[in-house]
Amino acid sequence: MSYKWLEWAKKIQSISQSGLSFSNDMYDIERYEELRKISTEIMEQYTDLEMEKIEGLFTNETGYQTPKADVRGAVFNDGKILMVREKIDDKWSLPGGFCDIGLSPSENIIKEVKEESGYDVIAKKLVALLDMNKHSHPPQPYHYYKIFIQCELIGGQAEIGIETKDVRFFSENNLPKLSTGRNTETQIKMLFDYLRNPSKLSLVD
């Protein structure tokens, strides 16, 4: 889904961040700081985020800007998919989150599933690597790649985590209210399709 204002704000932010990271000229640095200020003002104008929050998001970023990686686990049991209820918005998502430095995607999803749901899993297959901008997620301040990994349930039991308040398995035709910043109904149904058709090739974009 395209939001031109968001694309412009992200692009301006990316240019300003790179400039601030690599420029040594004081006048160029001033110009890049002004660009970052403009991108922050665009975000404030069109979202419900406060200026201070946006500035914090943007100023914490350094170096050349690249997409962030978000990994999500597809864990099935008796034809139902594992989901966790997020404390932050009281809606449901696949267990997962940002990839941590030093861990592979498989190691990340094993850790995330355990921390958020209490279950032990093995990562089995990369189902999809998707660009968030090409799917019906709500506007986000950053550019994300979403990694969906099908996992095998091997143990553990349902336990809430620091960021979750409930853990359940859902059938394809009885999905809960989704946290669409994390996953969409189309993506969940895609995962059920891969469960039915294990020989399907991984999806990109």
Excluding ligands and nucleic acids, what accessible area in Å² is computed for Y27 using a 1.4 Å probe, to the nearest 10? 130
So who's got an amide H within less than 5 Å of the one on K124, skipping anything under 5 residues away but keeping other chains? H placed 1.01 Å off N, in plane. Q150, C151, E152
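Per residue, how much accessible area does the chain have with a 1.4 Å probe, in Å²? Kindly include the intermediate steps, with their values, before the conclusion.
Numbers: 11440 Å² over 205 residues.
For the chain, the per-residue accessible area is 56 Å².
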Given a 1.4 Å probe and every protein chain left where it sits, what share in percent of the accessible area of the chain is carbon and sulfur? 51
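Quick one: of K165/K200; K11/K124; K68/K125, which pairs are farther than 29 Å apart, Cα to Cα? Present the calculation step by step, with values, prior to reporting the outcome.
Numbers: K165/K200 34 Å; K11/K124 36 Å; K68/K125 21 Å.
Distance filter (> 29 Å) returns K165/K200; K11/K124.
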Relative to the first principal axis of the alpha-carbon coordinates of the chain, what is the inclination of helix 26-46, with its axis defined by its Cα atoms, in degrees from 0 to 90 and to the nearest 10? 50
Full-stretch length increase - S202, S136 - with 0.36 nm per residue and alpha-carbon distance subtracted: 21.8 nm
Enumerate the amide H contacts of D100 below 5 Å, restricted to partners 5 or more residues apart or on another chain; note that Pro and chain-start residues carry no placed amide H. none
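Quick one: compute a quarter of the convex hull surface over the Cα atoms of the chain and quote it in nm². Could you put the intermediate results ahead of the total?
Numbers: hull surface 49.1 nm².
Here the figure is 12.3 nm², rounded to one decimal.
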What does the net charge come to around R31 if you take all other residues with beta carbon closer than 13 Å to its beta carbon, with K and R at +1 and D and E at -1? -3
Taking a probe of 1.4 angstrom, what is the accessible area of E159 in Å², to the nearest 10? 100
How far, in degrees from 0 to 90, does helix 105-117 lean away from the longest principal axis of the Cα atoms of the chain, to the nearest 10? 70
Projected onto the charge dipole of the chain (unit charges on the beta-carbon of Lys, Arg, Asp and Glu, signs +1, +1, -1, -1), the Cα from V84, G96, P198 with the largest positive-side position is that of P198
I need two numbers for the stretch 135-205: Rg to one decimal and Dmax as a whole number, Cα atoms only, in Å. 14.1, 37
Suppose every Lys and Arg Cβ carries +1 and every Asp and Glu Cβ carries -1, with no other charges. What dipole size does the chain come out with about its Cα centre, to the nearest 20 debye? 900
Rounded to the nearest 10 degrees, the helix 4-22 long axis (Cα) sits at an angle to the longest Cα principal axis of the chain of 70
Out of residues 5 or more away from S179 or on other chains, whose amide H comes under 5 Å of its own, with H placed 1.01 Å from N in the peptide plane? W92, S93
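The values are calculated or read from the model by the stated rules, or taken from the named source; none is laboratory data. Computed from a prediction, not measured in an experiment: that's the story for all the values here. In this analysis, Cβ positions are derived from the backbone assuming ideal geometry, glycine residues included, and neighbour counts consider all displayed protein chains. In case anyone asks, the SASA skips ligands and DNA or RNA and just uses the protein heavy atoms, side chains included. Shrake-Rupley method; radii C 1.70, N 1.55, O 1.52, S 1.80 Å.
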